[in-house]
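Notes for the one structure printed next.
The values are calculated or read from the model by the stated rules, or taken from the named source; none is laboratory data. The structure displayed is predicted, hence computed values, not measured ones. Please note: Cβ atoms are built from the backbone with ideal geometry, for glycine as well, and neighbour counts cover all protein chains shown. With ligands, DNA and RNA removed, areas are computed over all heavy atoms of the protein, side chains included. Shrake-Rupley method; radii C 1.70, N 1.55, O 1.52, S 1.80 Å.
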Amino acid sequence: MSDKEKKIIKTIKIDVDKCNGCRACEMICSSFHAAPKYSSNNPARSRIRIIREPLRDLYLPVYAGEYTVAECAGRDKYTIDGKEYDECSFCRASCPSRDEFKEPDSGLPLKCDMCEGEDEPLCVKWCMHDALILEEREEEVEEQVEQEDLEIGLESLADKFGMDKIMDAVARMKEKD
Ligand code: SF4
Ligand code: SF4
């Protein structure tokens, strides 16, 4: 049986026109997620990445989303301001067919956690150009669904990396805390 509970759902609205590609969001995110916190700054560890086309003055923030076990069938092409992009360029998934959104040391998938424990997502706080805006709304959610999500996520990770590697990574993270 599942219980319903009220929860504040946080989302971040992206205004692409306001982003100037400064990458402050990548910097603070990677630093916040370093172990220990703020000890290093490696953009590959960031849960947000900026697609940058300075010559076209085009900058597009993309947040790390769900992990996927296998690559999808998406092969669409987008033409933006005269330049062609693969569908994969804008994808949020940590996917086996590309390097984006993978923890550089362990290879484990990265996903935005909204800066758990902080009052406000740090990328929002550090974006001086208001390209990232936090929005909050109250929703009733099933507690059980969250548990199921966790189990599915853990199972996928175990299939991909093996349980030993995951346990090692967790142990290492705990040591560094
Ligand atoms: S901090 Fe803001 S303006 Fe700078 S790259 Fe990130 S989203 Fe764009
Ligand atoms: S909300 Fe936090 S975890 Fe998510 S991308 Fe922004 S800084 Fe990174």
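Of note:
- Of the strands (runs of 3 or more DSSP E) lying entirely inside the stretch 1-93, those containing at least 2 residues that are among the acidic types (Asp, Glu) span 83-86.
- Scope the stretch 102-120; condition open to solvent by 50 Å² or more (accessible area, probe 1.4 Å) and farther than 16 Å from ASN42 by Cα; matching residues: ASP113, GLU116, GLY117, GLU118, ASP119, GLU120
- Residue that is most open to solvent (accessible area, probe 1.4 Å) [pool: residues in the stretch 59-94 that are β-branched (Val, Ile, Thr) and farther than 19 Å from ARG45 by Cβ]: THR79
- In the stretch 61-90, the qualifying residues are those that are in contact with a Leu (Cβ under 9 Å, 6 or more places away or on another chain) and not aliphatic (A, V, I, L, M), and the one that is nearest to ligand 1 (Cβ to nearest atom) is PRO61.
- Residue within the stretch 135-155 that is open to solvent by less than 60 Å² (accessible area, probe 1.4 Å), at pLDDT below 90, closer than 29 Å to ASN20 by Cα and not β-branched (Val, Ile, Thr) present: no
- Scanning the stretch 18-58 for residues that are crowded, with 17+ Cβ neighbours inside 10 Å and among the β-branched types (Val, Ile, Thr) yields ILE28, ILE48, ILE50.
- Restricting the first member to the stretch 39-60 and to residues that are on the phi > 0 side of the Ramachandran plot and within 15 Å of ligand 1 (Cβ to nearest atom), and the second to residues that are modelled with pLDDT of 95 or more and not basic (Lys, Arg), the beta-carbon pairs closer than 9 Å and six or more apart or on different chains are ASP57/ASN20; ASP57/GLY21.
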